[in-house]
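*Asks:* Pasting a structure here, questions to come.
Coordinate-derived values only; no laboratory data. Note that this is a predicted model, so its numbers are computed, not measured. Note: ideal-geometry Cβ built from the backbone for every residue, glycine included; neighbour counts use all protein chains shown.
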Amino acid sequence: MKHRTFFWFILPTAAAMLLFIALPIVSVVTQSLHTPHDAVLTVTKNCGPFGCKDTTVIDQEATAALRTAEPLGKFVGLDIYFDRGHLAVAEVAQAWRTSDGLGAFFSQLSNLPFYRAMAFTLTFTFTVTPLMLILGFMIAVAVNTLHRHLKGLVIFFSLLPMIVSPLIGSLVLFWMIDSRGVIGAALQWLFSDPNLSLKASTGLTWVMLIVYGVWHAAPFSFVVFYAGLQTLPQDQLESAQIDGATRWQRTRYVIIPHLMPLVTFVALIQLMDNFRVFEPILGFNSEAHATSLSWFIYNDLGGETRLLSSAATSSVLTILGVAILLAPVLVRTWRDFNAKV
Amino acid sequence: MFLKKVIAASVLAVSAGGAHAACEISGRVNIIGNEFPAIHAVADGAKECSGGEVKANLTADHQKINVAGMTGNPAEYTSAIIANSSIVALMNEDVIRPLDDLVAKHGQSLSPNQLIVVDGKVMAVAFMANAQHLVYRKDILEQAGVETPTTYEEMLEAAKKIREAGLMENPIGGPYKAGWNLAQEFNNMFLGHGGEFFKEGTAEVSINNEKGVAALNMMKALSEYMNPDFLTHDSNATNAEFRAGNVALMHMWGSRAATMTEAEGVTDDVKNGFAIAGPLTVGGGTTPASTLWWDGWTVSKNITDEDAEATFVAMTHGIAPERLNDEMRPLAVWLIDGYEPTEAAQGVYDAIQSETTPYPMLPYMGLLHTALGTELSDFMQGKESAEQALADVEAAYTAAAKEKGFLQ
Amino acid sequence: MASKAQQAPAYLRIVTVAFVVLWLLVAAFPFLWTLWGSFKVELDFFSKADWMNALTGPRTLAEKGSPFTTDGYYGAWVQEEFWRSAINTTLVCFFVVCTSLTIGTLGGYALSRSGYRYTFWLLITALIFRAMPPITLVSGYLLPFFEWNLWGHLATTIIVLVAINQPFTLWMLYSFFQKIPKELDESAKVDGCTQFKAFRHVIIPVMWPGVITTGLFSFLLAYNDFAVTAMLLSKENQTMVPKIASFLGTTQTEGNVMFAVAAVVSATVPLFILVMFFQRQIVSGLTQGAVKG
């Protein structure tokens, strides 16, 4: 295709992405390198319905002059990236120096919000992604053997967990897993432990979030794999059978390689989505036990006083994190691409 | 449509015949605020004004939108309804205007204690108050043979007796959800112990002291009598527990008292046993372990004088004493002239009478609140000591305050 | 279809069927439970006293004289005018899907037909764009949108949703177009067609399965979105998901949970119908394209 034609074809989508994603990214990166100016504080007398009190306020006139001089704020370089709320370089160094042994070091590390969030996010990402791939594959294979008339109905019900908004899906489940909800009660009966509560312990909360993550994402891989199974090369399967390959061998050496490109695609999307896990944390009210970078951003933006630079920094770190996670897949795609060209 | 006109006409006729003049404005009014019935009532009052367009956007996400919506020139919103915690964000960004001239011109119906004065300038007009106070089941306390508690220590005692009598497994409730709610409970308890959040006149935090530790220890002691899931319980969930008859004692928002037993399906036991009282004290202190809140409205800075005047007139009309009828009265604890507290408002009234500390209106209080919300849950789960948790809070706050330029 | 020779032994078929049944239970149970509970009063739905109450509804019976009530639905649809949100959601979904597919198809087609190296980098850039958390993007939009008077309108939200979803759409459509043989449009070009004519007359007729599948994912995104719609729409333009969230109440004020439950069920119904309608297209679409990473 000529460059010119290509340009016209790609223009609308590229313009939309430039305007609404690329520009904000530029501004977010800029924001993460700047902080607001030092506030000039003064003490004044404030009165209200509950009496008067001396309190501190910002001296707007003095601060306004600073703001007009440098509207972007104070340039701080990577300070925000390295502060306690993010990479916490000083605190990590301190922990390294003072702790005797790796265990103590890690326990100090887990007291820092960024590393605690990373511990959960990475556990979540690396358990949910493979589990949902496996579950999706199993459902796809199972559904594929069903009778033609049953397939439609089964597909329809299987898609349910995916098509309902995560915010609402997790809310519904949150109500059910309460220690007196139906699932909570069932689990108490199952483990015959009347005090079992999924919401009270960190470990169980993680398990719950992971199970939800797999439940929610499995239909996506199921649909994609099921579609892939429809194009299975029948001749290969038959020749494998003639050669005396068992059912397992056929699955292992014919079906799975055939689905491999699809696995890459699903894994790519899922790694990214799981790394940005957010709605389940909110829906399950599990801030006390599990957080993620996306939750940090929400927390920074949702407070009475918004921390814009901090939120911007968390966003940039999310992008970097995703880039690192996806690097192996991207390198592979690059090789494929070059092979094709 | 026809019906609407008839109603509108009769409303006009009634108000014209009433004590106050009909509300006439010449400018644009657009209100942003939280969504609950009391605020709806105020916005509806403002909408009665004729002569200019009055719009309202009432949503739970108002705090995320209001600063942006008042920053442009002319600003989209001419008025923001806020509370003493959230006015700070508007003042920090300098998007609201002083109201002294307008109060002098149009504010005859406002009583002086409604005016929020900062540095000698009226910055907002308050119209309702709120506070957390005790909500309890008098029947359960009777059965357990305990008096209505007035201190947290007595609350623990009562809870112990209720549990021992086998009346309830987890008799105490409270919005202890990690995040904003948990931080708010700490604020209450810390103020109840006579704590000061910051070193006088600076943004330097000072909570890692014996008062902070005592506050945390009391919260921990209370949580022993709570549902084990307490860190996920916000005020909605806590209320649901109370309604289901699982909780006998809780510290709850006054704004929720009126509707506490109105939900469908509440059993008669809960309905008849429901009672409220003022906030509790703690640790032998005299200041209740609670905070006072007000909700009020402001006027944007970045709008024309006509629009500002129209907004002021319309909003003043929205909270005019004449509008305080039987429908509006029970919606909140109004700070409007001539308001007589209803039964459900007694708890908040007690809170005001007993000189509860107002929630601090400081530029950096929001940062501390957020830091408390994220760092205290480890202590509540028994994962770290109170001192460590408070040190973490201070570190998190300091990082945030540095970023915002409050600390150098 | 599995041929006769590949027919599974009986035990394997039983295991398979059992597995499918188990999966269906897990997948559908929460929704059936919610559906059932939506006809109860709040106390029974939460069933904090005893979970059996959610099934039998003793409080509903005591309150309403029957174990079922449609009050939640009435409250949500009539009293709270949920139908307005339903209309808004319909508008948003329709325009998001149409716009997204139109510009995505053009872009995806171009990417699949150009062999230059920059197409790879474009695709990678799009992927990195997708990594940006939507919540950050949205809070960045607020100020300029207010400034230029764009905030609150459905059109703004639609464009934002289209843009945010472009990376996924592009990748998916790119993969589909890869599977359509290049010879098709090449031969059309040899016959004297321009690239665009070749696209219109040769490619468009055969691309539908892929487009429909991608469209469904676009639809789901627009339908389920919370981050964008909650922040960028004014009250009267609110879509269903933020409306449901607003039923839940805030710290200091009561919500009406049963309205939310009824609304959740109502919001799922169109999706049921949609999936029933398109399930064959979803699957056949994926089959034709067989998405490739």
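*Asks:* Within chain C, which DSSP H helices have Cα atoms that stretch 15 Å or more along the helix axis and a mean Kyte-Doolittle hydropathy of at least -0.5? Kindly include the intermediate steps, with their values, before the conclusion.
*Replies:* Numbers: long enough: C:10-37 (39 Å, 1.86); C:82-113 (45 Å, 1.00); C:117-131 (22 Å, 1.13); C:134-147 (20 Å, 1.13); C:154-179 (36 Å, 1.15); C:208-224 (23 Å, 1.01); C:257-289 (44 Å, 1.56).
Membrane-span-like by this criterion, though nothing is claimed about a membrane: C:10-37, C:82-113, C:117-131, C:134-147, C:154-179, C:208-224, C:257-289.
*Asks:* Round to a whole angstrom and tell me the spacing of the C-alpha centers of the range B:80-94 and the range B:339-355.
*Replies:* 25 Å
*Asks:* Can you list the DSSP H helices in chain A whose Cα atoms extend at least 30 Å along the helix axis and whose mean Kyte-Doolittle hydropathy is -0.5 or higher? Provide the component values of the computation, followed by the final result.
*Replies:* Numbers: long enough: A:113-144 (45 Å, 1.48); A:202-230 (42 Å, 1.26); A:308-340 (44 Å, 0.98).
Qualifying helices, which must be both long enough and hydrophobic enough, are A:113-144, A:202-230, A:308-340.
*Asks:* Now, a different point. Averaged across A:147-157, how many Cβ atoms of other chains sit within 10 Å of each residue's Cβ atom?
*Replies:* On the way: counts 1, 1, 0, 2, 3, 5, 3, 6, 6, 6, 10.
The per-residue average across the peptide is 4.
*Asks:* By how many degrees, 0 to 90 and rounded to 10, does the Cα axis of helix B:386-403 deviate from the longest principal axis of chain B?
*Replies:* 30 degrees
*Asks:* Would you mind giving the mean number of other chain beta-carbons within 10 Å of the Cβ of each residue in B:251-262, as a whole number? Walk me through the numbers before you get to the answer.
*Replies:* On the way: counts 0, 1, 4, 1, 4, 5, 0, 1, 2, 1, 0, 1.
Across the residues of B:251-262, the mean count of other-chain Cβ atoms within 10 Å is 2.
*Asks:* Further question: If you average over every viewing direction, what projected area does the convex hull of the Cα atoms of the range C:125-222 give, in nm²? All intermediate terms of the calculation are to be shown ahead of the outcome.
*Replies:* Numbers: hull surface 32.6 nm².
Answer in nm², one decimal: 8.1.
*Asks:* Turning to a different aspect of this structure: Classify chain A as rounded, prolate or oblate, taking a ≥ b ≥ c as the square roots of the eigenvalues of its Cα gyration tensor: rounded when a/c is under 1.5, otherwise prolate if a/b is larger than b/c and oblate if not.
*Replies:* Numbers: a/c = 2.19, a/b = 1.54, b/c = 1.42.
Prolate shape, in that a/c is at least 1.5 and a/b is the bigger ratio.
*Asks:* Bins of 10 Å, beginning at zero and ending with the bin holding the largest distance: percent of Cα pairs per bin for the range A:129-183, please.
*Replies:* That works out to 20, 35, 34, 11, 0, in percent per bin.
*Asks:* Given an 8 Å cut-off on Cα distances and at least 6 residues of separation, report the relative contact order of chain B as a percent.
*Replies:* On the way: 752 pairs, mean separation 109.0, N = 408.
Computed over chain B, the figure is 27 percent.
*Asks:* What per residue convex hull volume, in Å³, comes out for the protein assembly as shown when only alpha-carbon positions are used?
*Replies:* Numbers: hull volume 204.0 nm³, N = 1042.
Spelled out: Cα convex hull of the protein assembly as shown, divided by residues, is 196 Å³.
*Asks:* Within 10 Å, count the other beta carbons around each residue, average over each peptide in B:112-122, C:120-130, B:311-321, A:263-273, and list them highest first. Mind dumping the intermediate values first?
*Replies:* Values: B:112-122: 17.6, C:120-130: 19.4, B:311-321: 25.0, A:263-273: 21.0.
Result, highest mean first: B:311-321, A:263-273, C:120-130, B:112-122.
*Asks:* Would you pull out the residues with amide H under 5 Å of residue B:198's amide H, same chain only if 5 or more places away, H placed 1.01 Å from N?
*Replies:* B:206
*Asks:* Scan the range A:206-291 for trypsin sites (Lys or Arg not before Pro) in coil per DSSP, keeping those whose Cβ has at most 13 other Cβ atoms within 10 Å, and list them by number. Let's see the in-between values first.
*Replies:* On the way: sites: A:247, A:250, A:252, A:276; in loops: A:276.
When the trypsin sites (Lys or Arg not before Pro) of the range A:206-291 are filtered for loop state and at most 13 Cβ neighbours within 10 Å, nothing remains.
*Asks:* Å³ per residue of the Cα convex hull, for the range C:20-69? Show your work: numbers first, answer last.
*Replies:* On the way: hull volume 3.5 nm³, N = 50.
Output value, Cα hull per residue: 70 Å³.
*Asks:* Label points 7 Å out from Cα along the Cβ direction at residue C:248 and residue C:116: separation in nm?
*Replies:* Using points 7 Å along Cα→Cβ, the separation is 4.8 nm.
*Asks:* Residue separation times 0.36 nm, minus the C-alpha to C-alpha distance between residue A:126 and residue A:30: what's the value? Provide the component values of the computation, followed by the final result.
*Replies:* Working: separation 96, 0.36 × 96 = 34.56 nm, distance 3.15 nm.
Result for the pair: 31.4 nm of gain on full extension.
*Asks:* At what distance in nm do the modelled label points of residue C:208 and residue C:190 sit from each other, each positioned 7 Å from its Cα along Cα→Cβ?
*Replies:* For residue C:208 paired with residue C:190, the spin-label model returns 2.8 nm.
*Asks:* Past the 24 angstrom mark, what percentage of all C-alpha to C-alpha distances in the range B:17-129 do you count?
*Replies:* Here the tail beyond 24 Å accounts for 24 percent of pairs.
*Asks:* How large is the helix-only mean residue ellipticity at 222 nm for the protein assembly as shown, computed as the sum of -39500 (n - 2.57) over DSSP H runs with n ≥ 4, divided by its residue count, in deg cm²/dmol to the nearest 500? Intermediate results must be reported in sequence, preceding the final value.
*Replies:* Values: 48 runs with 615 residues, N = 1042.
When only DSSP H runs of four or more count, the value is -18500 deg cm²/dmol.
*Asks:* For chain C, what does the equivalent ellipsoid look like in terms of its semi-axes, each the square root of 5 times an eigenvalue of the Cα gyration tensor, given largest first in whole Å? Write down the numbers at each step before the final one.
*Replies:* Numbers: eigenvalues 351, 175, 47 Å².
Its equivalent ellipsoid spans semi-axes of 42, 30, 15 Å.
*Asks:* Compute the acute angle (0 to 90°) between the alpha-carbon long axis of helix B:2-17 and the principal axis of greatest extent of the alpha-carbon atoms of chain B; round to the nearest 10°.
*Replies:* Roughly 90 degrees between the two axes.
*Asks:* Over the whole of A:169-178, what's the average partner chain Cβ count within 10 Å per residue? Rounded to a whole number, please. Before the final figure, lay out each step's value.
*Replies:* Numbers: counts 6, 0, 8, 8, 3, 2, 12, 8, 2, 9.
That average works out to 6.
*Asks:* Say R0 is 30 Å: what FRET efficiency, to the nearest 0.05, do residue A:230 and residue A:336 get from their beta-carbon distance? Show your work: numbers first, answer last.
*Replies:* Working: r = 23 Å, r/R0 = 0.76.
Efficiency, from the Cβ-Cβ distance: 0.85.
*Asks:* At a Förster radius of 30 Å, what calculated FRET efficiency corresponds to the Cβ-Cβ distance of residue A:2 and residue A:324, to the nearest 0.05? Mind dumping the intermediate values first?
*Replies:* Values: r = 36 Å, r/R0 = 1.21.
It comes to 0.25.
*Asks:* OK, next. Hey, rough spin-label estimate for residue C:153 and residue C:272, points 7 angstrom out along Cα→Cβ, what's it come to in nanometres?
*Replies:* Here the answer is 3.7 nm between the modelled labels.
*Asks:* Compute the angle between helix B:152-164 and the longest alpha-carbon principal axis of chain B, please, reported from 0 to 90 degrees and rounded to the nearest 10.
*Replies:* Once rounded, one gets 60 degrees.
*Asks:* Using a Förster distance of 25 Å, how high is the FRET efficiency between residue B:169 and residue C:62, based on the Cβ-Cβ distance and rounded to 0.05? Numbers along the way, then the final one.
*Replies:* Numbers: r = 24 Å, r/R0 = 0.96.
With a Förster radius of 25 Å, E is 0.55.
*Asks:* Taking 8 Å as the Cα distance limit and 6 or more residues as the minimum spacing, I'd like the relative contact order of the range A:115-340 as a percentage. Mind showing how you got there, number by number?
*Replies:* Numbers: 216 pairs, mean separation 65.5, N = 226.
Value for the range A:115-340: 29 percent.
*Asks:* What order do you get for C:161-168, A:201-208 when each peptide is scored by the mean count of other beta carbon atoms within 10 Å, highest first? Write out the running numbers ahead of the final one.
*Replies:* Details: C:161-168: 24.8, A:201-208: 16.6.
My ranking of the peptides, most packed first, is C:161-168, A:201-208.
*Asks:* Highest first, please rank the peptides C:73-85, A:142-154 by the mean number of other Cβ atoms sitting within 10 Å of their residues. List each step's numbers first, then the result.
*Replies:* Numbers: C:73-85: 17.5, A:142-154: 14.8.
Those peptides, ordered most packed to least, come out C:73-85, A:142-154.
*Asks:* Considering the dipole of the protein assembly as shown built from charges on the beta carbon (Lys and Arg +1, Asp and Glu -1) around the Cα centre, which of B:115, A:87, B:288 is farthest to its positive end?
*Replies:* Checking the options against the dipole of the protein assembly as shown, the answer is A:87.
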